[in-house]
1. Within the stretch 183-211, which residues are aliphatic (A, V, I, L, M), over 18 Å from PHE133 (Cβ atoms) and in a strand (DSSP E or B)?
2. Counting only residues that are crowded, with 18+ Cβ neighbours inside 10 Å and polar (S, T, N, Q), which one in the stretch 66-119 is nearest to ARG54 (Cα to Cα)?
3. Here's a check for you: in the stretch 120-133, which residue that is of a type outside the set (Lys, Arg) and either at pLDDT below 95 or not in a helix (DSSP H, G or I) (or both) is surrounded by the fewest Cβ atoms within 10 Å (Cβ to Cβ)?
4. Select, from SER143, SER116, the only residue that is assigned to a loop (DSSP other than H, G, I, E, B), farther than 21 Å from GLU61 by Cβ, in contact (Cβ under 8 Å) with a residue 40 or more places away in the chain and not aliphatic (A, V, I, L, M).
5. Give the stretch 159-177 a look and list any residue that's in a strand (DSSP E or B) and surrounded by 15 or more Cβ atoms within 10 Å (Cβ to Cβ), or say none.
6. I'm trying to understand the selection: among the residues of the stretch 140-152, which are surrounded by fewer than 15 Cβ atoms within 10 Å (Cβ to Cβ) and touching a helix residue (DSSP H, G or I) at 6+ places or on another chain (Cβ under 8 Å)?
Amino acid sequence: MQQTELAEESQHLGPTVRTLAVLAIFIALVTGGGLQPTAFASNSATTAASFGQRLADAALEQRWTPVIYNPAYVKLDYPGGDVPWYTGVCTDVIVRAYRKLGIDLQVKVHKARVGSGDRNIDHRRVNVLRKFFKRHGRSLRVSKDPSRYKPGDVVTMYVPDGTFSKTHIVIVTQYKSPAGIPLVVHNRGYSVQLEDWLFARKITGHYRYTG
């Protein structure tokens, strides 16, 4: 996330963002990366997959499209509003994953009245999502035990060295590091990535929300 939770004073990068997005896509196509599944590609066609598994898969699919990190305040449609497909921040990974499963957090958060009432930004703020998941989902104990984190769990973090903000949010996946730590999918400024980052920073919340 970013200064004072997606600070409204952040300015659009406009044509510069679009140019960088096109460049990123070109590089991905030339190198064969980014737009294609990696060795971690998920099998979301399995009908027996749990909700959490499907949510993790929906987040993982976002790695195939290069995204420029842009914390600018954007006026959105309602419902179903989204920033341009080639931009986004950490919360947009969560919002887009839930939308893939038919759950619109923009609407859910607004109707829950857990934010400021601004339909353009509330669902894109980590602290607002924390409040929403705590009230309407399951708030789980924060632990250093990796077995407690399941695919589809949402985890929030405190990032003291964050460039744009000190708050962050990720989705836990079914994949694990060689040490057995669940990998997470998130955007911390370098497009959507699958990383061994669950315990990289202080965890501030652990949630399970199925809509």
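1. Of the stretch 183-211, the ones aliphatic (A, V, I, L, M) are 183-185, 192, 194, 198, 200, 203.
Those left that are additionally over 18 Å from PHE133 (Cβ atoms): 183, 192, 194, 200.
Across the stretch 183-211, the qualifying residues are LEU183, VAL192, LEU194.
2. THR91
3. Narrowing the stretch 120-133 to residues of a type outside the set (Lys, Arg): 120-123, 126-129, 132-133.
Among the residues that remain, those that are also either at pLDDT below 95 or not in a helix (DSSP H, G or I) (or both) are: 120-121.
Working: ASN120: 18, ILE121: 20.
Ranking the qualifying residues of the stretch 120-133, first place goes to ASN120.
4. Values: SER116 fails: in contact (Cβ under 8 Å) with a residue 40 or more places away in the chain.
Criteria check complete, one pass: SER143.
5. Taking the stretch 159-177 as the starting set, the residues that turn out to be in a strand (DSSP E or B) are 167-176.
Selection gives THR167, HIS168, ILE169, VAL170, ILE171, VAL172, THR173, GLN174, TYR175.
6. ARG141
The values are calculated or read from the model by the stated rules, or taken from the named source; none is laboratory data. A quick note: this is a predicted structure, and the numbers were derived from the prediction, not measured. Using ideal geometry, Cβ is built from the backbone for each residue, glycine included, and neighbour counts are taken over all protein chains shown.
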